[in-house]
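Some notes on the structure that comes next.
The values are calculated or read from the model by the stated rules, or taken from the named source; none is laboratory data. Please read all numbers here as calculations on a predicted model, not as lab measurements. Positions of Cβ are backbone-derived with ideal geometry, glycine not excepted, and every protein chain shown enters the neighbour counts. The area values use the complete protein model at the heavy-atom level, side chains included, leaving out ligands, DNA and RNA. Shrake-Rupley method; radii C 1.70, N 1.55, O 1.52, S 1.80 Å.
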Amino acid sequence: MLADRLKTLAPSSTLAVQAKARELRRRGIDVISFGAGEPDFDTPERIKNAAIQAMRRGHTKYTEVGGVPELRAAVCAKLKRDNGLTYEPAEVLVSCGAKHTLFNMAVALLDPGDEVLVPSPYWVSYPEQARLVGAVPVPVPTSEATGFDLDPARLRAAVTPRTKVIILNSPNNPTGAVFSPASLAAVAELALERDLFVVSDECYESLTFDGRHASIAALGPEIKARTLVVNTCSKSYAMTGWRIGFAAGPRELIAAMTDVQSQVTSNPSSVAQWAAVEALGGPQDEVARMAAEFDRRRRLIVQGLTALPGVSCVTPKGAFYVFPNVSRLFGRTWPAAGGPATLKSSLDVTAFFLEEARVAVVPGLDFGSDDHVRLSYATSDALITEGLARMAAALERLA
Ligand code: PMP
Ligand code: GLU
């Protein structure tokens, strides 16, 4: 019954872990979830009020497909203010979350057989979206020894005549890497030399703790002309449920992505768009406040994970994820429900933590590394501390 493209499609494992934790909780099982990455803060009041006002003013109808002019203007002002980038509203598209933005890009830019370089570990949706349109994701490893910084030499070696796009994500989900200025400059050079297009997913920009966030598009007009900058209100403003993501890039590509969107979803929610106008354009102090809180939690969780036997962990520089290496646990055994089991992979370690510690983490395999698991620390200090204690106790029981 189903199309061939579904044969290889994996559902989003980050969302699956979240759903599993929710389901266990519904059954009365007390699970601590370090699953999906979503701020535990509520959307700031000023943003909610803007949405309420928008409803009262009757902004409850279809809007321009790519977003109301006020929102596209607010996106341009944000990109100028935070990134030093100048775009016209016609070079901006607002979509139903950055995930949707990225899929519009895939449909508008990728032909079957086109290769997409994806530095690995990567966010789960990049390869799946590429495959959905018949393109070929090519993972290009980064190394733990450099804190998972981009590896321009490996990227260069992976370029073939079919390579069309490189997807960058800094700060990175799942590793927390903030790519170094030198590596970004080298990738910009490579893109110009080999006629590649760059997609720069900057969704975690506001959560940069060590180093400074830099958009590759700001390195010069030539690279800007072949880069799509992608961002979202989800993380910076605790607005995951509102579904507002946006992109800025070459006019021709934005127009094509807008045409795709016009046939698929039309505009993103009108009310959410007005909330986003306030989010991007209003006072930004709560963004820094939330980031400071995440930074504190980052230290707490890294300290706790590092103390666990058999677990090691690079200190993330941004986003709200840690990506500990659990490969030293491989070979150990535990009394699983179906009989004694040996830990052999990130999936086994994930199952072990869920059953033995009632702690949900995401297997690294889905991000391209079977030696790791991912934890989101966008949760309270109390839950982080309790989760770590449970993991420590479970690890004690390993044979
Ligand atoms: N890019 C990355 C790297 C992400 O982690 C996410 C997940 N939230 C997104 C894009 C999409 O975010 P949203 O669709 O909520 O804007
Ligand atoms: N991006 C977040 C994550 O990686 C939310 C879930 C999703 O969209 O994948 O957990």
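So the values come out like this:
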quantity	calculated
Value at 222 nm in deg cm²/dmol, rounded to 500, when DSSP H runs of n ≥ 4 in the chain each add -39,500 (n - 2.57)	-12000 deg cm²/dmol
Rounded to the nearest 10 Å², the accessible area of SER143 at probe 1.4 Å	40 Å²
Using a Förster distance of 45 Å, the FRET efficiency for ASP295-HIS59 (Cβ separation, nearest 0.05)	0.80
J(HN,Hα) series, segment 193-201, from Karplus relation 6.51 cos²θ - 1.76 cosθ + 1.60, nearest Hz, glycine and proline x	5, 9, 6, 9, 9, 10, 10, 10, 8
Distance between segment 119-186 and segment 328-392 - C-alpha centres, whole angstrom	25 Å
Considering only the chain, percent of DSSP beta bridges that pair antiparallel, nearest 5	50 percent
Relative contact order of the chain, defined on C-alpha pairs under 8 angstrom at six or more residues apart (%)	22 percent
Model label zone, THR160; criterion: amide N under 19 Å from point 7 Å along Cα-to-beta-carbon; scope segment 169-200	191, 194-197
Within the chain, longest stretch clear of exposed trypsin sites (Lys or Arg not before Pro) (DSSP loop, no more than 10 other Cβ within 10 Å)	213-399
Cross-link pairs beyond the 18 Å C-alpha cut-off, checked among LYS78/LYS164; LYS164/LYS224; LYS78/LYS317; LYS78/LYS235; LYS7/LYS99	LYS78/LYS164; LYS78/LYS317; LYS7/LYS99
Accessible area of the chain divided out per residue, in Å², using a probe of 1.4 angstrom	41 Å²
Within the accessible area of the chain (1.4 Å probe), percent carbon and sulfur	55 percent
